[in-house]
Each structure stands twice: as structure tokens, then as C-alpha cells.
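Worksheet: the structure to be examined is printed underneath.
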Amino acid sequence: MVTPEIGLIIWQTIIFLIVFSILAAFVWKPIASALKTRESQIEDALKAADLAKEEMEQIKSDNEYLLQEARVERDKILKSATDTAIQIKEEAKNETSAIAEKMIADAKSSIDSEKKAALTEVKNLVADLSVDIAEKILREKLSNDKSQKALIDKFLKEVKVN
């Protein structure tokens, strides 16, 4: 076996203590402060993440509320539009009915006036034909019969006198 000598152990201990003191003075303090800074940054980041999560939940609930309000407003608008469309249809239907009734009444009065005009014309034609036929019959009768001619002359003289 190999056993180290006491001088070697002392020198190794002195070198270890020097290295340990140099590391303690120059390396461990910056490393420890860097670790503390990193730890505080991580804690701050976790707090910020929690705050962001809470804000997101708040925003989500606000969005749900706004979405619900938008749905209610949409339903109101759709109902109003439907009611307006029904009202416009009813008004158009009533106007159409009124116009159709007026057109029917105008057509009936036009038909009645044309019917009366046609009947008047037929009556006038019948009267004219009757007078023409009577005149022709009377001429025929009167031109052949001398006694009737004398009677007509007598009536004509009486009419002229009166």
C-alpha cells in the first residue's frame, strides 16, 4: 500500500484552503447572488403568470358576459325585424286588397255605364227602326188611298190653323 507522507498532506490541505478561500471570496458570492437573482426572477415570473391567468379569467368572464349581451341584442333585433316584416306584409296586403276592390268597383261602374249606353243605343235604334217602318207603312197606305189623303190634308189644315 501507498501511504502519503505528512508533508504532502499538509501541503494539500494548505492548497485546498487557499483554493477554498479564493472560491469563497470571489466565486461563491457572485454565484449565490446570481442564484438569488434568478430565484427572484422566477418568483416574479410566476407571480406575473398568476396575475396574467387571473386577468385572462376576468377577460374570459367579461367576454362571456358581452357575448351573452350580444346574443340578447341579436335576438331583440331579429324579433324587431320579424315584426316589422310582418307589419309591412300586412300593410301591403291591405293596400293590395283596397286597390283590388277599387279596381273591381271601377270595372263594375264602367261595365254598368257601358251597358246603359248600349241599352240606350239599342232603344234609339229600335225607335228609329219603328218610326221608319211606321213611316213606310203609312206612306204605302196613304199614297194608295185617296180618301185617307183627303183626311190627312184636312188634319194638316186644322193643325196649321191652330
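The values are calculated or read from the model by the stated rules, or taken from the named source; none is laboratory data. This structure is a prediction, so every number in the text was calculated from the model and none was measured. When the accessible area is computed, the model is the full protein with side chains, heavy atoms only, and any ligands, DNA or RNA have been set aside. Shrake-Rupley method; radii C 1.70, N 1.55, O 1.52, S 1.80 Å.
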Handout entry: Residues satisfying the stated conditions in the range 22-65, i.e. open to solvent by less than 100 Å² (accessible area, probe 1.4 Å) and more than 60 Å from the chain's Cα centre (by Cα)
Key = 22, 23, 24, 25, 27, 30, 31, 32, 33, 34, 37
Exercise for the section: Inspect all residues belonging to the range 96-111 and state whether any of them is under 36 Å from the mean Cα position of the chain (by Cα) and of a type in the set (D, E, K, R). Expected result: yes
Handout entry: Selection count where residues are open to solvent by less than 90 Å² (accessible area, probe 1.4 Å) and not hydrophobic (A, V, I, L, M, F, W, C), scope the range 1-21
Key = 4
